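Accompanying notes for the structure given below.
The values are calculated or read from the model by the stated rules, or taken from the named source; none is laboratory data. On a predicted model such as this, the values are computed, not experimentally measured, just so you know. Note that we place each Cβ from the backbone using ideal geometry, even for glycine, and neighbour counts take in every protein chain shown. Heads up: the accessible areas ignore ligands, DNA and RNA and are worked out on the full protein's heavy atoms, side chains in. Shrake-Rupley method; radii C 1.70, N 1.55, O 1.52, S 1.80 Å.
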Amino acid sequence: MGGYTLIENASLANRNTLRVAARAKLLAEIRDASKLPELLDFPAVRNDRLLVLGEGSNMLFTGDFDGTVLAMATRGVFVEEMLATSGVHVETLATSGVEVESDGDSARIAVAAGERWDDFVRWTLGQGYAGLENLILIPGTVGAAPIQNIGAYGCEVAEFIESVEAWDIHERRVVTLDHATCAFAYRDSLFKHEPGRYIVTAVRFVLPRNRPLRTDYAGINEQLARMGVDKPAPFHVAEAVVHLRTSKLPDPSVIGNAGSFFKNPIVDAALADALKREHPGLAVWAQPNGRCKVSAAWMIEAAGFKGIREGDAGISNRHALVLVNHGNATGPQLWALAQRVMDGVREKFGVQLEPEPVVIGAR
Ligand code: EPU
């Protein structure tokens, strides 16, 4: 069989960054997206539950998965730079299989779902494209990026996504979903509202060569100053973000975690005002729609959960949003601790937190 590998009763322990020991009834690793229809047509796959997995950096398994886990391992970056004067220029770089279409000002870049996000970001910076510098070092795959609309340091990936290519399981065909159809919002998209319908196969980005840098998010300007940079280029901002992330967030290759486990809740402005009056230290970010995003990390820390540990399940002592596995915590143990944190924040602040990762199998 070309293009994919099937393994029965497969371990997922090395396929989720929280390092939870879970198994899949069937694991299908796909390297060639054109083989998806054939793979999905196997009776064992067609009649069963399906879970799409990238690097498993945003997932908590609370039990084994009784169905097919589809691990996206497709590769490829295809670049079209848009030429203002002479139309589209397409160039294929033989070594990497990269196609370039250019106008010198911006590029349209289609990337296979299985590419590692951080590799892609570093590649764009190396090619002189701007935009993704604030999103460096986020774990996970390119195909997962639009699903939760990954964001950090004042940027969200949605801003650079022109369209998403996906296999539509209902319609059994490849569809191109434009930016508006993807319904991006804070850590949210169409893909979260119609779970189980789409398998993202590629993401099409438009990246500029030049754009104003976004350095006003807490800490970036200060870090650039410490680096002695007064005229920053995108790679300087990337370096500053790498420094900030590595100093604040635990490294999933050292300690199991899935980045932020809780979303920053978005509440009515009146509630945000009341909370801010009572708790002046609480960070509040006004949203374009008049509502307010409030800092879940601050509330979790103020409620006394930062650094706590129940067995091997814990809340990081470096960042209160991060649920960590100190060794052999099980999925249910991690989920129980997460729920304890959510209950504690609700009791103290009257705000309901929501998990950011997909929690598989929770009741
Ligand atoms: N804070 C605390 N205690 C902590 C950590 C933070 O009180 O332990 C306070 C800080 O003092 C600050 C506020 O919380 O006032 C915000 O902290 P931070 O800048 O670290 O950002 P965040 O809102 O907690 C979000 C993203 C992160 C992203 C950072 C930086 C979410 C759910 N998380 O965290 O994304 O790296 O901003 O932009 O929106 C992820 O999604 O996995 C992730 C790590």
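Consider GLY143 carefully, then state whether it is open to solvent by 50 Å² or more (accessible area, probe 1.4 Å), part of a loop (DSSP other than H, G, I, E, B), closer than 28 Å to ASN16 by Cβ and in contact (Cβ under 8 Å) with a residue 60 or more places away in the chain.
Working: open to solvent by 50 Å² or more (accessible area, probe 1.4 Å): no; part of a loop (DSSP other than H, G, I, E, B): yes; closer than 28 Å to ASN16 by Cβ: yes; in contact (Cβ under 8 Å) with a residue 60 or more places away in the chain: yes.
It is false that GLY143 is open to solvent by 50 Å² or more (accessible area, probe 1.4 Å), part of a loop (DSSP other than H, G, I, E, B), closer than 28 Å to ASN16 by Cβ and in contact (Cβ under 8 Å) with a residue 60 or more places away in the chain.
Looking at region 51-70, which of its residues are farther than 16 Å from ALA21 by Cα and open to solvent by 10 Å² or more (accessible area, probe 1.4 Å)?
LEU51, VAL52, GLY54
Just the residues that are open to solvent by 50 Å² or more (accessible area, probe 1.4 Å) and either under 24 Å from GLY327 (Cα atoms) or in a strand (DSSP E or B) (or both), please, taken from region 1-28.
Quick first cut of region 1-28, residues open to solvent by 50 Å² or more (accessible area, probe 1.4 Å) only: 1, 5-9, 11, 14-15, 19, 21, 23, 25.
The answer is THR5, LEU6, ILE7, GLU8, ASN9, SER11, ASN14, ARG15, ARG19, ALA21, ARG23, LYS25.
Could you run through region 309-339 and say how many residues are β-branched (Val, Ile, Thr) and open to solvent by 70 Å² or more (accessible area, probe 1.4 Å)?
0
Looking only at region 160-208, which residues are open to solvent by 70 Å² or more (accessible area, probe 1.4 Å), farther than 13 Å from ILE147 by Cα and either assigned by TED's automatic domain parsing to the domain that holds ALA283 or in contact with a strand residue (DSSP E or B) (Cβ under 7 Å, 6 or more places away or on another chain) (or both)?
As a first pass, look at region 160-208 and keep what is open to solvent by 70 Å² or more (accessible area, probe 1.4 Å): 170-174, 176, 178-180, 193, 195.
Imposing the further condition that a residue be farther than 13 Å from ILE147 by Cα reduces the set to 170-174, 176, 178, 180.
Listed by number, the residues that qualify are VAL174, THR176, ASP178.
Name, by its number, the condition in (1) open to solvent by less than 40 Å² (accessible area, probe 1.4 Å); (2) in contact with a strand residue (DSSP E or B) (Cβ under 7 Å, 6 or more places away or on another chain); (3) free of Cβ contacts under 8 Å to residues at least 60 places away in the same chain that does not hold for LEU275.
Only one criterion is unmet by LEU275, namely (3).
Among the numbered criteria (1) at positive phi; (2) modelled with pLDDT of 95 or more, which one does GLY196 miss?
Evaluating GLY196 over (1) at positive phi; (2) modelled with pLDDT of 95 or more leaves (2) as the failure.
Going by the conditions given, is ASP188 acidic (Asp, Glu) and at pLDDT below 95?
Details: acidic (Asp, Glu): yes; at pLDDT below 95: no.
No; evaluated as a whole, the condition is false for this residue.
Which one is farthest from PRO212 (Cα to Cα), of the residues in region 111-137 that are open to solvent by 20 Å² or more (accessible area, probe 1.4 Å) and either of a type in the set (A, V, I, L, M, F, W, C) or within 16 Å of the ligand (Cβ to nearest atom) (or both)? Show your work before the answer.
Taking region 111-137 as the starting set, the residues that turn out to be open to solvent by 20 Å² or more (accessible area, probe 1.4 Å) are 115-116, 119, 122-123, 125-128, 137.
Next cut, either of a type in the set (A, V, I, L, M, F, W, C) or within 16 Å of the ligand (Cβ to nearest atom) (or both) only: 116, 123, 125, 137.
On the way: ARG116: 26, TRP123: 20, LEU125: 15, LEU137: 21 Å.
Ranking the qualifying residues of region 111-137, first place goes to ARG116.
Please state which of the following conditions ALA302 fails to meet, knowing it meets all the rest: (1) within 10 Å of the ligand (Cβ to nearest atom); (2) under 20 Å from the mean Cα position of the chain (by Cα); (3) open to solvent by less than 70 Å² (accessible area, probe 1.4 Å).
Looking at each condition in turn, ALA302 falls short on (2).
Working only within region 288-299, note down all residues that are open to solvent by less than 70 Å² (accessible area, probe 1.4 Å) and more than 9 Å from the ligand (Cβ to nearest atom). Explain how you work it out, then say what you get.
Start the filter on region 288-299 by keeping residues that are open to solvent by less than 70 Å² (accessible area, probe 1.4 Å), which leaves 290, 292-297, 299.
The answer is GLY290, CYS292, VAL294.
Criterion first (within 12 Å of the ligand (Cβ to nearest atom), in a helix (DSSP H, G or I), farther than 26 Å from PHE65 by Cβ and not aliphatic (A, V, I, L, M)) does TRP285 satisfy it?
no
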